[in-house]
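> One structure follows; several queries about it will come next.
The values are calculated or read from the model by the stated rules, or taken from the named source; none is laboratory data. Note that the structure is a prediction, hence the values are computed from the model and not measured. Positions of Cβ are backbone-derived with ideal geometry, glycine not excepted, and every protein chain shown enters the neighbour counts.
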Amino acid sequence: MGTRQHRCGKWLLRWRLTCQLFIFVSVISTINAQIRYSIPEEMKKGSLIGNVAQDLGLDLNRLRSGRARIVTGENNQYTELRTDKGILVVNERIDREELCGDVTPCSFSFEIILENPIELHRVTVEILDVNDHAPTFKNNVINLEISESATIGSHFVLESAYDPDAGIHSLQKYVLSRNDNFALKQHSNADGITFAVMILQKPLDRELHPHLSLKLIAVDGGTPQRSGTVNIEITVLDANDNPPVFNQSLYTATVTENAPIGTYITTVNASDADSGSNGLVTYTFSNLKGKSGEKFEIDSVSGKITVADNIDFEKDKKYEIRVIAKDQGGLSDATKVVIEVTDINDNAPVINIMSFSSLISEDVPPGTTIAVFNVKDADSERNGQIACSIDSSLPFKIQSSLTNYYNLLSDVAFDREMKTEYNITITATDSGSPPLFTKTSLHLKISDVNDNAPLFNKPSYSAYIIENNVPGLSIFTVSARDSDWNQNARISYFLEGTQVSGSPVSEYVSINSETGVIHAVRSFDYEQIKQLQLVVKAQDGGSPPLSSNVSVKIMIQDQNDNPPQVLYPVQTGGSLVAEMVPRSADVGYLVTKVVAVDVDSGQNAWLSYKLQKATDRALFEVGLQNGEIRTIRQVTDKDAVKQRLTVIVEDNGQPSRSATVIVNVAVADSFPEVLSEFTDFPHDKEYNDNLTFYLVLALAVVSFLFITCLVVIISVKIYRWRQSRVLYHSSLPVIPYYPPRYSDTLGTGTLPHVYNYEVCRTTDSRRSDCKFGGAGSQNVLIMDPSSTGTMQRMQSEKSILDEPDSPLEVAPLKIRSVFVMCSSVNPTHRDAVGQLAEISELIAAVPPPSLPNVTEEEKKALKHTLWKREMIEHGDTRRIISILGSLDY
């Protein structure tokens, strides 16, 4: 029952402490903050510590996007951050005594780091003690030997109990079991340690009570209280009236951490005025906290204290030991030994990279945080003072943020085109002697920003192309470079929207957007355009894109593609022009001047004149450069009146082109003489030949058209004659009559969509007057040769053909009716198939062709008709129509 109450009280205390949880939030800066929580020890895993998101004023989305996490330099991570709820919970069991020992208050700190942008928040968690430990004694039994002569008031120092709890939960008092001889008195040292002293109140009598058994109870101040008990076994000895006395109530000593085992620390000394065995003093440790008893040992005879285990300043900076001196008579005395540990620089700084952006843009401003790191040194004072540094040639600086936290910042603006990456070595050095240091390296890459426009290799370009080029010909290539990287350095080339002679430049040239090769779109003519002025733009693939322009001048080079053109004398087809030279003309007389031009340029337009043919070469010459025709001798009477000169005009191109001109010269003194001589001057032969060719061609075309028309007319006449022969073979007129319910689409006769047949009657026999079917109208058309009238027969009137005893007379009439209807079918009509189907029904009523009144010709026709019927039933419509058109009836 008592155990259950004890456990319930323990959990009740934890619940109270949790409910009384307090939070202290202090904002250090707009980015960094510090919060403090207090929780009791021994909380279950997953227990709530605090709402971090609310206390820091952060949104849950910010925790997730910033990849919030806990950073600690310890091996144990006692807390866990749940970013989905923004709360801090217990991750593993926290034992205050294991975490802090005797240090109060007990707390541990860690950092919550967020990225994009980097935020650093320090969290301190104070661990409140709960009464989870009872006071304990080192030994289960305290053995005392007390002389029966011990005086009243003698003090006997007892072994102290140890309670690792702190505050009110630590050791508070001792209780001695009821007895008649001893009383208990409590004392406290300057450091707050409580120990018990047993005081003799009534003399001992060895003869009455040679042995006494007592209980010493140590009680803490928790609720409920916890206690520890030790048995005191007292043996009563004969008289020993002087206790041992230490020569110092407090001993102090120092020891260097990591001192070798066996290192001497100090010696305690106590003296006893008794002699013999009662004056022999032994030394022991009492009230050793934690593992202090394992660190040191004492010589029980000499009182020499030495190092027994490794001493670490970072774990314990000071040890307090209680030493008891006891004589053989059971009297004792106690003293206190304080051993201070001296720190040595045995721990190098430790660098922990909390956040690092390995890739940053080159356009980030100076002062941008590159990395956040933490540096710790387990040493103290100067040995724990740390200085961080980097290579001074690097464009970075280190700035301290929180305690032991540093930011690596950019110090200047970056330029990826100058340097694409940096290797940064951070060195952390302490101030010990000799100093210890630690290095860590970071590799930082600079990402490209489109901050450089493409640059052309030349400020302007010029190129030449010969006219009459092939379309698509490559003229030349423009090239630009971009010092950016990847997509930002991918260059495309474009033609700016300039005009050339009022037309877009794209009608003349094109450019390959990837290679920058400029192609000719058309064939150029130097005589129309002599040069092209255009602007090419080079644009990169960045966002936004950057571009630059360059002017390009393409000059068209002339080619000798035009022959000279003679302007004078004018060459005409029909009229004759002649130059007159008087017979009195002297040598060098200017007859005329041949004037010619060449639309080419340069040497292609340099003209030279030569006399190719002449009636009298000894009479005239032509100036090589000016084309002047002059006499080279005196004109005589023997010279012919009609002189014909052929002058060739030739340019200087390669190859050269030429033109010829004929100059007629009349050597005469009067105009009438010239007329008489030039009246019969023949026309140009080439002109006459062309005229004859066109006349013959026109005659052949007219003859062909006439013959074609004649053949067409004869063919039409023959076709019509054959059609009339088929329709009117019997030489009897057949005049079709269309009742009101019939429609005529092509003027060649139709059949109705209902079975209604009208048969025409001829004048050579009254036997042709017959009627078929009864499904439609009962109209019968009777027409005489003069077409003088018709007669309507009523349905009630009986025809002699309806009588069953007249089949011989009916058959020929039906056969002739079939002839008439077949001849009225138009093969091109859309209802031809329907008409033939109706005819087929009429044929079904025709008796076999062996009837005596049917002629051979009618039998033959009937046979063909029946054949048509079979073809109708098999669907060969086109062949039926073809046969109908070819029947010779």
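> Answer yes if at least one residue in the range 213-229 is of a type in the set (Gly, Ala, Ser) and not in a strand (DSSP E or B), and no otherwise.
Checked the range 213-229: at least one residue is of a type in the set (Gly, Ala, Ser) and not in a strand (DSSP E or B).
> Now for a separate question. So which strands (runs of 3 or more DSSP E) are wholly in the range 478-546 and hold at least 1 residues that are in the same structural domain as residue 462 (by TED's automatic domain parsing) and acidic (Asp, Glu)?
531-540
> Condition check: assigned by TED's automatic domain parsing to the domain that holds residue 145, surrounded by 20 or more Cβ atoms within 10 Å (Cβ to Cβ) and small (Gly, Ala, Ser). Does residue 196 satisfy that?
yes
> To continue, here is another question. So if I check each of 302, 213, 271, which one is surrounded by fewer than 18 Cβ atoms within 10 Å (Cβ to Cβ), under 16 Å from residue 334 (Cβ atoms), of a type in the set (Ser, Thr, Tyr) and modelled with pLDDT of 85 or more?
So the residue among 302, 213, 271 that is surrounded by fewer than 18 Cβ atoms within 10 Å (Cβ to Cβ), under 16 Å from residue 334 (Cβ atoms), of a type in the set (Ser, Thr, Tyr) and modelled with pLDDT of 85 or more is 271.
> Still on this structure, I have one more. Please determine, by comparing only the residues of the range 486-496 that are out of contact with any Ser or Thr (no Cβ under 8 Å at 6 or more places or on another chain) and of a type outside the set (Val, Ile, Thr), which one is modelled with the highest pLDDT.
The selected residue is 490.
Rundown of residues vs (1) among the charged types (D, E, K, R); (2) crowded, with 16+ Cβ neighbours inside 10 Å; (3) without any contact (Cβ under 8 Å) to a residue 24 or more places away in the chain, yes/no style:
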| position | (1), (2), (3) |
| --- | --- |
| 555 | no, no, no |
| 559 | no, yes, no |
| 596 | no, yes, no |
| 602 | no, no, no |
| 613 | yes, no, no |
| 618 | no, no, yes |
| 627 | no, yes, no |
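> Look at the range 609-618 and say how many of its residues are more than 17 Å from residue 597 (Cα to Cα) and either assigned to a strand (DSSP E or B) or touching a Ser or Thr at 6+ places or on another chain (Cβ under 6 Å) (or both).
Counting residues in the range 609-618 that are more than 17 Å from residue 597 (Cα to Cα) and either assigned to a strand (DSSP E or B) or touching a Ser or Thr at 6+ places or on another chain (Cβ under 6 Å) (or both) gives 4.
> Which pairs do you get when a residue that is β-branched (Val, Ile, Thr), found in the range 159-182, comes within reach of a residue that is part of a loop (DSSP other than H, G, I, E, B), reach meaning Cβ atoms under 6 angstrom, with the pair 6+ apart or on two chains?
168/221
> Right, something else. Give 334, 387 a once-over and let me know the one that is crowded, with 20+ Cβ neighbours inside 10 Å, small (Gly, Ala, Ser) and in a strand (DSSP E or B).
Of the residues listed, the single one that is crowded, with 20+ Cβ neighbours inside 10 Å, small (Gly, Ala, Ser) and in a strand (DSSP E or B) is 334.
> Another one. Taking into account only those residues within the range 639-664 that are among the polar types (S, T, N, Q) and touching an Asp or Glu at 6+ places or on another chain (Cβ under 6 Å), which is farthest from residue 598 (Cα to Cα)?
The selected residue is 656.
> Follow-up question, since we're still on this one. Scan (1) in contact (Cβ under 8 Å) with a residue 12 or more places away in the chain; (2) surrounded by fewer than 15 Cβ atoms within 10 Å (Cβ to Cβ) for the single condition residue 532 breaks and write down its number.
With (1) in contact (Cβ under 8 Å) with a residue 12 or more places away in the chain; (2) surrounded by fewer than 15 Cβ atoms within 10 Å (Cβ to Cβ) applied to residue 532, the lone miss is (2).
> Cβ-Cβ distance below 9 Å, separation of 6 or more or different chains: which pairs start in the range 460-489 with a residue that is touching a residue at least 60 places away in the same chain (Cβ under 8 Å) and closer than 22 Å to residue 537 by Cβ and end on one that is basic (Lys, Arg) and assigned to a strand (DSSP E or B)?
Listed pairs, sorted by first residue: 460/553; 461/553; 462/553; 463/553.
> With respect to residue 124, determine if the residue is in the same structural domain as residue 60 (by TED's automatic domain parsing) and hydroxyl-bearing (Ser, Thr, Tyr).
Answer is yes for this residue.
> Looking at the range 53-107, which of its residues are surrounded by 14 or more Cβ atoms within 10 Å (Cβ to Cβ), touching an Asp or Glu at 6+ places or on another chain (Cβ under 9 Å) and among the small types (Gly, Ala, Ser)?
53, 66, 68, 86, 101, 107
> Right, another one. Can you find a residue that is of a type outside the set (S, T, N, Q), surrounded by 14 or more Cβ atoms within 10 Å (Cβ to Cβ) and farther than 30 Å from residue 99 by Cβ anywhere in the range 158-168?
Yes: one or more hits.
> Same structure, new question: Any residue in the range 46-61 that's closer than 22 Å to residue 107 by Cα: show its pairings with residues that are of a type in the set (Phe, Trp, Tyr) at Cβ separation under 7 Å, as long as the two are six or more apart or on different chains.
49/37; 50/37
> Follow-up. How many of the residues in the range 465-477 are touching a His at 6+ places or on another chain (Cβ under 8 Å) and part of a loop (DSSP other than H, G, I, E, B)?
Final tally of qualifying residues: 2.
> Please return the ranges of strands (runs of 3 or more DSSP E) entirely within the range 85-169 where 1 or more residues are of a type outside the set (Asp, Glu) and closer than 30 Å to residue 283 by Cβ.
So the answer is 141-147, 155-157.
> Here is a follow-up. Out of the range 85-114, which residues are farther than 18 Å from residue 57 by Cβ and of a type in the set (D, E, K, R)?
Once the filter is applied, which keeps residues that are farther than 18 Å from residue 57 by Cβ and of a type in the set (D, E, K, R), the range 85-114 yields 92, 93, 95, 96, 97, 98, 102.
Residues checked against (1) among the polar types (S, T, N, Q); (2) free of Cβ contacts under 8 Å to residues at least 24 places away in the same chain; (3) in contact with a Pro (Cβ under 9 Å, 6 or more places away or on another chain); (4) in the same structural domain as residue 70 (by TED's automatic domain parsing):
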| site | (1), (2), (3), (4) |
| --- | --- |
| 329 | no, no, yes, no |
| 375 | no, no, yes, no |
| 386 | no, no, yes, no |
| 389 | yes, no, no, no |
| 415 | no, no, no, no |
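> If you don't mind, there's one more thing I want to ask. Restricting to the range 425-453, and then to whatever is charged (D, E, K, R) and assigned to a strand (DSSP E or B), can you tell me which residue is farthest from residue 379 (Cα to Cα)?
The qualifying residue farthest from residue 379 (Cα to Cα) is 445.
> Do we have residue 462 as in a strand (DSSP E or B), of a type in the set (Gly, Ala, Ser) and exposed (fewer than 13 other Cβ atoms within 10 Å of the Cβ) here?
yes
> Check 407, 374 and return the single one that is of a type in the set (S, T, N, Q), under 34 Å from the mean Cα position of the chain (by Cα) and in a strand (DSSP E or B).
Answer to the selection: 407.
> Could you grab me the full set of residues in the range 274-291 that are surrounded by fewer than 16 Cβ atoms within 10 Å (Cβ to Cβ) and at pLDDT below 85?
If the condition is that a residue be surrounded by fewer than 16 Cβ atoms within 10 Å (Cβ to Cβ) and at pLDDT below 85, then 275, 276, 277, 290, 291 are the ones that fit.
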